[in-house]
1. Being under 28 Å from the mean Cα position of the chain (by Cα) and touching a residue at least 40 places away in the same chain (Cβ under 8 Å) is the filter here, so list the residues in segment A:342-373 that pass it.
2. Which residue out of C:Phe150, C:Phe142, C:Phe80 is free of Cβ contacts under 8 Å to residues at least 24 places away in the same chain and either in contact with a His (Cβ under 9 Å, 6 or more places away or on another chain) or farther than 29 Å from C:Ile186 by Cβ (or both)?
3. Got a sec? Which of A:Ala86, A:Ala148, A:Ala108 is in a helix (DSSP H, G or I), more than 8 Å from every other protein chain (Cβ to nearest Cβ) and modelled with pLDDT under 90?
4. Please go through segment B:104-113 and give me each residue that is at the interface with another protein chain (Cβ under 10 Å from one of its Cβ atoms) and either modelled with pLDDT of 85 or more or surrounded by 17 or more Cβ atoms within 10 Å (Cβ to Cβ) (or both), ordered by number.
5. Does segment C:428-445 contain at least one residue that is in contact with a strand residue (DSSP E or B) (Cβ under 6 Å, 6 or more places away or on another chain), open to solvent by less than 30 Å² (accessible area, probe 1.4 Å), at negative phi and not basic (Lys, Arg)?
6. For segment C:45-143, please list each of the helices (runs of 4 or more DSSP H) lying entirely inside it that holds at least 3 residues being open to solvent by less than 10 Å² (accessible area, probe 1.4 Å) and more than 14 Å from chain A (Cβ to nearest Cβ).
7. Could you check how many residues of segment C:21-44 are under 29 Å from the mean Cα position of the chain (by Cα) and open to solvent by less than 50 Å² (accessible area, probe 1.4 Å)?
Amino acid sequence: MKHLWYSLLGLLLAPPIFAADMPLNMTPGVTEISGKVFGLHMTILYICCAIGIIVFGAMIYSIINHRRSKGAVAANFHESTKVEIAWTIVPFVILILMAIPATKTLIAMEDPSDADITIKVTGSQWKWHYSYFDHDIEYYSLLATPRAQIEGSETKGENYLLEVDKPLVLPINKKVRFLMTSDDVIHSWWVPAFAVKKDANPGFINEAWTRVDKPGTYRGQCAELCGKDHGFMPIVVEVLSEADFDIWIEEQKNQATIAAAATEASLSQTLSMDELMTQGEQIYMARCAACHQPNGMGLPGVFPGLKASAIATGPVTAHIDIVVNGKAGTAMQAFAGQLTPQEIAAVVTYERNAWGNDVGDTVQAADVSQHGQ
Amino acid sequence: MSRPSATSNRKLIIWLMTGAIGMFGFGFALVPLYDVLCEQLGINGKTQSTASTYKPMTIDTSRVITVEFMANIQQDMPWEFTPEVKRMQVHPGELVRTNFNAKSLALATTVGQAIPSVSPGQGAAYFNKTECFCFNQQLLAAQSSAALPLIFYVDPDLPDTISTLTLSYTLYNITDKGYVGAVEQGAAK
Amino acid sequence: MNTTTREANMDAAHIEESNEHHEAHPTGIKRWLFTTNHKDIGTLYLWFSFIMFLTGGAMAMVIRAELFQPGLQLVEPNFFNQMTTVHGLIMVFGAVMPAFTGLANWLIPMMIGAPDMALPRMNNWSFWILPFAFTILLSSLFMEGGGPNFGWTFYAPLSTTYSPDSTALFVFSIHIMGISSIMGAINVVVTIVNMRAPGMSWMKLPLFVWTWLITAFLLIAVMPVLAGVVTMVLTDKYFGTSFFDAAGGGDPVMFQHIFWFFGHPEVYIMILPSFGIISAIVPAFSRKRLFGYSSMVYATASIAILSFLVWAHHMFTTGMPVFAELFFMYCTMLIAVPTGVKVFNWVATMWRGSLSFETPMLFAIAFIILFTIGGFSGLMLAITPVDFQYHDTYFVVAHFHYVLVTGAIFSIMAAAYYWLPKWTGHMYDEKLGKLHFWCSVISVNVLFFPMHFLGLAGMPRRIPDYAIQFADVNQIVSIGGFAFGLSQFIFLALVIKCIKGGEKAPAKPWDGAEGLEWTLPSPAPYHSFSTPPEVK
């Protein structure tokens, strides 16, 4: 019997030996708060381990020594008010000792003092949108892992499922305030290295803040079940030195000007069917295939198919309208703010001509732009 | 001989059933209860849904509160909706007026409902609106625009720890939801 | 209480019916469909719960197979979400709760010296509506669009605006489960209050009866709240109300408040009867009276009361004022005190006893250790600042599986082994029982212990695919999962073997056992105590 208990204990300790490349403990993180949280976690873990050793120790002692096969005769006691009071009060005192640092850390976390930078974080199925309050910078941040890696036809990269097309960029040593909200269901923005996890509730704003000490790239994930692709909406935060951050802000502003000019130019361009189809397919796979599926069949009863559908083979204005404005009360989002007119034109063209839909018409950026954008 | 205790069973069953039905009702009673608690304690940043009245009060000029305005538009809402100013400094007790600008891009009449939320949530109870477009549904004719007014003051009792209040509006499209009593805004351009 | 009131507690019709039973029972399917006998109904509940345990387990196997390696291999994410959702619902409402009701049916009348449950016909209904509830729930998986995919906690608006068409079926099945539980609970309360044998005073009640009495009150208090919240989901989705829709003045966070107002007491509904079982088994195999009987009763009651004050510890990340976070943190930590008292009492019962390690005792010891580990992680989760890191990760998954699988389910296993001789009249195969125990206890730890590490390393729960760093540990977890699943077939074989035959069991097969049920012959007669026993 004894060796069985030992082997059980051995098994409890086994996982650390097998998994060398995964951290087995919580990250201490890169902020003052995350350090405090880590310290608190370790303190409580040690207290629990100590209590565990005492309680299980007493139990194992009696399992070994007070067994009938060894001729143990049962004692007769079954009550002791003194002991009962002792083991009510002692845990109570231990709990108070735990509560003190916990309360301090919590109050430090919920510090509402002025922030240097405010960023609005909006979750939607299944991407994050970041908007810098004091700069006219806003963008979506989507999973960058190719579908081929997920489906296993390509080797998975180092940051599989933890990489995005455009990370959130923050400076070090500044108090950054996040205001979380959501466009559809509840999401939760979590970066373990900052010890920040806050729900993004539709219709309401929630607040969290961080002050990062060390430049680097930090990764997290959505932590609240938000539908089909809940597992595929990572968070990547690039933390730069203050000087680099200023440079980045300038770059973003320039890029925005260039992009605006490109959009303006695209309105007068006419692309060929082939050009639209190539671009459209790329965008479709990145933005639409999660629901409507790469083969355009959708998921019956959940997401409608586009192959031979009334929208994709019907009047083109209705098709543009649903992509531009979305459909109320469904998971179909409005893409007006997410894609340029040029991109919408390409993806609509693709949907109308792929999978044997073969409507034959092309849509140009100008058509989309005229559609009440 | 079975009389007394069959009644005692029945009595107990009736009590327990009443308890269960009462708890079913309690579940629903939690809804208004939650709203009251939220408004009183500022849980979840909810603000009161009716206008408060402003009584002339001493303005605490020694304190400056930063008030930030934020607008979220639900994706199916074809409006532009932005605060006139993003950020302003106010003194507690001071009555302040600002606007949110709304512009409908839709080709038909649309009705919106703005839902306010204040952060930090504890500040919500001290953020008093004497007039707000969020108290009513707002109706905009196709392609028209309007300035939606907001008049508010910050209660001088606002805890010292709070120096910034963020007021966020989320604009919902409720055109299809059978609106009643929407206020028509603006004129067609 | 005297004989006459006790007799009278069964309503008149039932007495007539039961008199007939003495001569001839209806046989075949009719016996089971129309039975009003507490033992038949107990048996039905237990078999039903075992079938549900295997069904929910099969879904867990699908989940673990998909998570065996990174990437999407077997199922697509929407189906994966249905599996996690229905696995949770089935295990909570189909496996654990009916198993406890089954045990209550079998044991409470025998333990308090009653002939049967107080409300036998209600007993029959409360069981027979359950299979319908679960048929509806399971059949929704085959609907176009699939079954519920929003997690067993069905947070709005994922379960309202964004849920599949089958949501109405989900709501309806929850309603039926709720009605069944409430009827079962009323029956338990009435039986315990009105049908105790003469001399069976409150402080002489076996702890299993006490814990079930308190559980029954919890059920009556919170199942209607669950019914209320699913009704709100129903009307929000189909009838245009906006309880949880901000656009109409509602609040999605309110859903969580109402849900967890039900949800946290529900957690204790699934563990209090376990405490009763362990408090019966540990003294029996320690051959020593339970240490601190009255403190056990008070501890159970205080856990039940505290359970109404801690619900928001499930929702620290939703954004709450600091004072609310502190209040819920303190209350939650406070629960550790009465829970600790229980664990200390069990250890003190074993201390200087004369221990032997038959299968029920093995499961009971495993329960104490592993449930306490679940309690430790629960305490860690209670600490709000650290909960921000643990919340919605595999650390939470590990925590609640420790308290539910190695807690609730291990105690049910222990109970089954302990009372099987009384139920079947045969001793179970001890060797097979020990094999089942060791296979289960090892595999369950391989299954759930590494999940703590996954959670701490940052793996969120409810995801069908994960970053490659989590791959090794997930593989170990999955292997543990398959092994644990397979081990349960040993139990099935053992039970069938024990029903079919085996060494004849004496009235009291465990020399240290105490309680009225052991004064009855094994197998227990169809009507437990026709003449009430005298309790001294």
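1. Residues satisfying the conditions are A:Glu343, A:Val347.
2. Being free of Cβ contacts under 8 Å to residues at least 24 places away in the same chain and either in contact with a His (Cβ under 9 Å, 6 or more places away or on another chain) or farther than 29 Å from C:Ile186 by Cβ (or both) holds for just one of C:Phe150, C:Phe142, C:Phe80, which is C:Phe142.
3. A:Ala148
4. Those that are at the interface with another protein chain (Cβ under 10 Å from one of its Cβ atoms) and either modelled with pLDDT of 85 or more or surrounded by 17 or more Cβ atoms within 10 Å (Cβ to Cβ) (or both): B:Ser104, B:Leu105, B:Ala106, B:Gly112, B:Gln113.
5. There is no residue in segment C:428-445 that is in contact with a strand residue (DSSP E or B) (Cβ under 6 Å, 6 or more places away or on another chain), open to solvent by less than 30 Å² (accessible area, probe 1.4 Å), at negative phi and not basic (Lys, Arg).
6. C:97-112, C:120-139
7. So the answer is 10.
Residue by residue, here is whether (1) modelled with pLDDT of 95 or more; (2) within 14 Å of chain A (Cβ to nearest Cβ) holds:
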{"site": "C:Ala197", "(1), (2)": "no, no"}
{"site": "C:Leu213", "(1), (2)": "yes, no"}
{"site": "C:Ala216", "(1), (2)": "yes, no"}
{"site": "C:Ala227", "(1), (2)": "yes, no"}
{"site": "C:Thr231", "(1), (2)": "yes, no"}
{"site": "C:Asp236", "(1), (2)": "no, yes"}
{"site": "C:Asp245", "(1), (2)": "no, yes"}
{"site": "C:Gly248", "(1), (2)": "no, yes"}
{"site": "C:Pro252", "(1), (2)": "no, yes"}
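The values are calculated or read from the model by the stated rules, or taken from the named source; none is laboratory data. All values derive from a computational prediction rather than experimental measurement. For neighbour counting, all protein chains shown are included, and Cβ atoms are generated from backbone atoms with ideal geometry for every residue, glycine included. These area figures cover heavy atoms from the full protein model, side chains too; ligands, DNA and RNA do not enter into them. Shrake-Rupley method; radii C 1.70, N 1.55, O 1.52, S 1.80 Å.
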